[in-house]
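None of the figures in this text is laboratory data; all of them are computed from the coordinates on show. Small disclaimer: the values here were computed from a predicted structure and weren't measured. Note: ideal-geometry Cβ built from the backbone for every residue, glycine included; neighbour counts use all protein chains shown.
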Amino acid sequence: MKLKVIIHDAEEGGYWAEVPSIAGCVTQGDSFDELLSNIYEAVEGCLSVDIQDITVSEKDRIMEIAV
């Protein structure tokens, strides 16, 4: 999966980034390297869903897919 990330200079120093294709997925870092690491963590967190929070009936199926 490839995602576009918009990287901004933060007014207080460092950087912040947003992933427009994932609503609310933003992160920041004091350095560019820290920001890159945080982007991966933010995307993973935004895309992960705890299956316990979802109601599943007997007719439903749960699948994992790689994109």
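Computed values, structure above
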read-out	value
Label selected from (i) 74; (ii) 109; (iii) 217, the criterion being volume of the Cα convex hull per residue in Å³ as computed here	(ii)
Extension gain from Glu12 to Leu36, taking 0.36 nm per residue of separation minus the Cα-Cα distance	6.8 nm
Förster radius 25 Å - calculated FRET efficiency between Ile62 and Met1 (Cβ-Cβ, nearest 0.05)	0.80
Rounded to the nearest 20 debye, dipole of the chain from Cβ charges on Lys, Arg, Asp, Glu	480 debye
With Cα atoms, 0 to 90° folded angle of helix 32-47 axis to the chain main axis	20 degrees
